[in-house]
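Written out below as structure tokens is the structure these notes cover.
Coordinate-derived values only; no laboratory data. Computed from a prediction, not measured in an experiment: that's the story for all the values here. Don't worry about glycine lacking a Cβ; one is built from the backbone with ideal geometry, like all the others, and counts go over all protein chains shown.
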Amino acid sequence: MALTSEQRVTKAHIAVMRSKEFCMFSGVLSVGKVIYTEDIPTACTNGRDVIYNPKFIDTLHDKELNFVVLHEALHKVFQHMFLWKKLWKESPQLANIAADYVVNNTIHEADQYGNITLIPKEALFDKQYANMTTRQVFDLLKQNKDKQQGQCEGHDSHDWEGAEGLSDDEVKETTKQIDQALRQGEIIRGKMQGNKNRTIDGLLEPKIDWREQLREFVNATCRNKDKTTWKRPHKRFLGQDIYMPSMIGETVGKLVVGIDTSGSIGDKELNEFLSEVVAICDEVSPSSIELIYWDYDVAGHETYNIGDYDALVQSTKPKGGGGTRVGSLNEYIKEKRIEPEAIIVLTDGYVENDWGGTWEYPTLWAITSCNITSIHGKSIYMGEA
């Protein structure tokens with residue numbers, strides 16, 4: 001008796017979980033839902049859930065299905081649908097192609113002899129893109145316009161719209177689950193004496209493209225917003241004792257940049273970080289950059305307005321050099337009623353256990369030390385991209 005599409009996918013999951021090549025992805029397969037529908041041509045993921053067309057599954061041999069299952073899982077592992085929305089908005093076709101080259105090369109590298117997988121005929125595969133990031137492949141495809149014109153989009157689709165429909169909390173929870181699944185997968189790999197995977201080694205290190213993450217955070221927080229929020233009541237009506245939500249995006253407000261000057265951050269790191277912040281602010285044009293230097297207490301506060309940003313790196317005068325207490329920055333923001341659109345903190349991460357208490361505004365932590373993550377907001381490791 002022939003297996004159903006659902007049973008074949010389950011069988012593929014088991015084959016992947018039992019293989020020395022891919023057992024480290026066992027937990028990732030359990031993140032999100034598996035959905036079957038004929039509303040899509042082949043398969044896709046929104047970064048959390050995976051969707052299959054049963055008729056498409058029926059066209060695949062077992063090893064090809066194993067490949068497709070891994071393909072969707074690795075889109076989740078690389079967080080393609082969350083991290084590369086900017087590329088998708090610039091060129092949906094190239095974003096899809098670039099993401100697929102990265103995923104398919106990763107699968108091929110782990111299973112070069114086809115023990116578990118077989119690359120479907122429609123899948124995009126080219127060894128010239130091996131060991132490249134999605135952005136690097138995307139940029140190469142843009143440069144080679146003649147080749148891209150004849151390029152198909154691969155065997156699967158990509159649910160970018162579905163990814164956009166996930167709330168910030170859902171995205172945060174999904175990325176947390178995937179990270180935990182990968183770390184558990186490494187334990188499973190060790191017990192099964194599975195093959196080492198360079199991709200996983202890299203993902204489990206906190207080093208990421210901090211510039212792209214910083215840019216994505218600022219753009220997502222400060223740009224193209226047309227929704228209301230109850231977190232900050234509309235000031236116009238407060239005097240009438242009427243509590244109404246304010247519009248997010250009526251204007252782009254202040255951006256606080258807090259710099260840890262306790263002694264561990266060098267001039268090179270500081271200049272590189274501030275240069276990137278300035279470049280991004282030239283795009284989103286906040287009403288001001290509130291540059292605040294802190295160690296145990298706030299040691300300096302400089303304000304830069306639109307038109308002054310280009311001179312910031314050259315004119316700023318860092319102050320401080322004592323102990324470390326990031327709570328001083330949080331207290332200062334509240335005391336001065338700065339009300340920023342967002343807060344970006346550059347620090348080595350060696351701060352209080354509560355990371356300065358509750359932060360009332362979207363906060364990004366650019367951390368220079370490995371293996372340190374803030375319990376508040378979003379953390380990125382400011383290493384080499």
Please name which of LEU94, ALA15, HIS80 has its Cα lying farthest along the dipole of the range 1-95 towards the positive end, using unit charges on Cβ (Lys, Arg +1; Asp, Glu -1) and the Cα centre as origin. HIS80
Relative contact order %, the range 256-367, counting alpha carbon pairs below 8 Å whose residues are six or more apart: 31
Once phi is turned into ³J(HN,Hα) by the Karplus curve 6.51 cos²θ - 1.76 cosθ + 1.60 with θ = phi - 60°, what whole-Hz value does each residue of the range 80-91 show in order, with x for glycine and proline? 4, 6, 9, 7, 10, 4, 4, 5, 4, 5, 6, 7
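Assuming 1.002 mPa s and 20 °C, estimate D for the range 5-203 with Stokes-Einstein, Rh taken as the Kirkwood radius over Cα pairs, in µm²/s.
In µm²/s, the coefficient is 127.
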Could you work out the relative contact order of the range 5-203? I mean the mean sequence separation of Cα pairs under 8 Å and 6+ apart, divided by the number of residues, in percent. 30
State, to one decimal in nm, how far the label point of LYS142 lies from the label point of GLN7, with both points 7 Å from Cα in the Cβ direction. 4.9
Per 0.36 nm of contour for each residue apart, how much would the distance between MET192 and GLU173 grow if the chain were fully extended, relative to their Cα-Cα spacing? 4.0 nm
For labels at ALA220 and ARG337 in the simple 7 Å Cα→Cβ model, what's the distance in nm? 3.2
Packing-based order for 106-116, 290-300, using average beta carbon neighbours within 10 Å, highest first: 290-300, 106-116
For the range 252-277, list residues with backbone N below 19 Å from a point placed 7 Å from the Cα of ASN305 toward its Cβ? 252-257
How are the C-alpha pair distances of the range 1-69 spread across 5 Å bins, as whole percents from the shortest bin up? 4, 17, 29, 27, 18, 5, 1
³J(HN,Hα) across the range 28-38 via Karplus (A = 6.51, B = -1.76, C = 1.60, θ = phi - 60°), whole Hz, x for Gly/Pro? 4, 4, 8, 7, x, 9, 10, 10, 10, 7, 8
I need the phi-derived Karplus couplings for the range 48-57: 6.51 cos²θ - 1.76 cosθ + 1.60, θ = phi - 60°, integer Hz, Gly and Pro marked x. 10, 9, 10, 10, 10, 8, x, 5, 5, 4
Give me the extension gain from LYS121 to GLU283: residue separation times 0.36 nm, minus the current Cα-Cα distance, reported in nm with one decimal. 54.1 nm
